[in-house]
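Asks: Have a look at the structure that comes next, please.
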Amino acid sequence: MQINDVRHAGVDACLSRIVAAWDAGDARAFAAEFTEDASYVIFAGIVSVGRKQIEEAHVPVFEKWQKGSRMSMRELHRRVSGESVILVSEGGIGKRRRVRHDKVQTFVFVQDGQVWRCAAFQNTKKNALFIRMNDRANRSR
């Protein structure tokens, strides 16, 4: 197995654990997939720094606001850069059978010992109006 294959497998495993922890509503398991000093930025502009803050911020999310929700994502782009992997996805969370992909996320993964973890996460809410305007402008070129 080549180095890039190992990186991709490690990142895929980390993403699977992130999704499983979200779906289980487990703030501790969710936060465990981030490095000790990770940055986590949500679409509302709220920043958590460090695994402990990420866990604390997700307790009310899983117990109240998004209780019983599940996560869905689709990878858009992946780039291996030195010792890190940058992944861009679109996704969302919800309680319905089909989860709407209304956000775009950027993950930066690094190897933490033998395990890959997320060192930085940014979540941006899609703006349907601007997306349509941009698509229209690009079609008229």
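Asks: In the stretch 120-131, which residues are under 11 Å from the mean Cα position of the chain (by Cα) and either of a type in the set (A, V, I, L, M, F, W, C) or under 23 Å from R7 (Cα atoms) (or both)?
Replies: Correct list: A120, F121, Q122, N123.
Asks: Also, I was wondering about something else. Going by the conditions given, is A21 of a type in the set (A, V, I, L, M, F, W, C), out of contact with any Cys (no Cβ under 7 Å at 6 or more places or on another chain) and assigned to a loop (DSSP other than H, G, I, E, B)?
Replies: No: the conditions fail for A21.
Asks: If a residue has to be over 12 Å from the mean Cα position of the chain (by Cα) and farther than 18 Å from G92 by Cα to count, how many in the stretch 31-50 make the cut?
Replies: Of the residues in the stretch 31-50, 9 are over 12 Å from the mean Cα position of the chain (by Cα) and farther than 18 Å from G92 by Cα.
Asks: What about E90, is it under 17 Å from R7 (Cβ atoms), at pLDDT 95 or above and of a type in the set (D, E, K, R)?
Replies: Against the criterion (under 17 Å from R7 (Cβ atoms), at pLDDT 95 or above and of a type in the set (D, E, K, R)), E90 does not qualify.
Asks: Kindly indicate whether V80 is hydrophobic (A, V, I, L, M, F, W, C), without any contact (Cβ under 8 Å) to a residue 24 or more places away in the chain, more than 19 Å from N123 (Cα to Cα) and not in a loop (DSSP other than H, G, I, E, B).
Replies: So V80 fails the test.
Asks: Which one is farthest from E75 (Cα to Cα), of the residues in the stretch 93-105 that are assigned to a strand (DSSP E or B) and without any contact (Cβ under 8 Å) to a residue 60 or more places away in the chain?
Replies: Let us first name the residues in the stretch 93-105 that are assigned to a strand (DSSP E or B), namely 93-94, 103-105.
Subset that is without any contact (Cβ under 8 Å) to a residue 60 or more places away in the chain: 94, 104-105.
Numbers: G94: 18, V104: 10, Q105: 9 Å.
Once the filter is applied, the top-ranked residue is G94.
Asks: Can you confirm whether E90 is surrounded by 15 or more Cβ atoms within 10 Å (Cβ to Cβ) and either in a strand (DSSP E or B) or in contact (Cβ under 8 Å) with a residue 60 or more places away in the chain (or both)?
Replies: yes
Asks: Shifting gears a bit: Answer yes if at least one residue in the stretch 28-35 is surrounded by 17 or more Cβ atoms within 10 Å (Cβ to Cβ), in contact with a Phe, Trp or Tyr (Cβ under 8 Å, 6 or more places away or on another chain) and not small (G, A, S), and no otherwise.
Replies: yes
Asks: Quickly run through the stretch 70-87 and pick out the residues that are surrounded by fewer than 13 Cβ atoms within 10 Å (Cβ to Cβ) and over 21 Å from A20 (Cα atoms).
Replies: In the first step, residues of the stretch 70-87 are kept if they are surrounded by fewer than 13 Cβ atoms within 10 Å (Cβ to Cβ); the result is 74, 77, 79, 81-83.
Matches in the stretch 70-87: H77, R79, S81, G82, E83.
Asks: For residues in the stretch 1-26 being over 14 Å from the mean Cα position of the chain (by Cα) and under 25 Å from G94 (Cα atoms), which is surrounded by the most Cβ atoms within 10 Å (Cβ to Cβ)? If you could, list the steps in order and put the result at the bottom.
Replies: Of all residues in the stretch 1-26, those over 14 Å from the mean Cα position of the chain (by Cα) come to 1-10, 24-26.
Still in the list and also under 25 Å from G94 (Cα atoms): 24-26.
Numbers: A24: 12, G25: 18, D26: 15.
It comes out as G25.
Asks: Can K95 be described as among the basic types (K, R), exposed (fewer than 13 other Cβ atoms within 10 Å of the Cβ) and in contact with a strand residue (DSSP E or B) (Cβ under 9 Å, 6 or more places away or on another chain)?
Replies: Yes.
Asks: In this structure, is I54 free of Cβ contacts under 8 Å to residues at least 40 places away in the same chain and under 13 Å from the mean Cα position of the chain (by Cα)?
Replies: On the way: free of Cβ contacts under 8 Å to residues at least 40 places away in the same chain: yes; under 13 Å from the mean Cα position of the chain (by Cα): yes.
Answer is yes for this residue.
Asks: Here's a follow-up. Answer yes or no: is there a residue in the stretch 38-48 that is in contact (Cβ under 8 Å) with a residue 12 or more places away in the chain and part of a loop (DSSP other than H, G, I, E, B).
Replies: Of all residues in the stretch 38-48, those in contact (Cβ under 8 Å) with a residue 12 or more places away in the chain come to 38-43.
Keeping just the survivors that are part of a loop (DSSP other than H, G, I, E, B) gives 42-43.
Checked against the condition, which is being in contact (Cβ under 8 Å) with a residue 12 or more places away in the chain and part of a loop (DSSP other than H, G, I, E, B), the stretch 38-48 yields at least one hit.
The values are calculated or read from the model by the stated rules, or taken from the named source; none is laboratory data. These numbers were taken from a predicted model, which means no experiment stands behind them. Don't worry about glycine lacking a Cβ; one is built from the backbone with ideal geometry, like all the others, and counts go over all protein chains shown.
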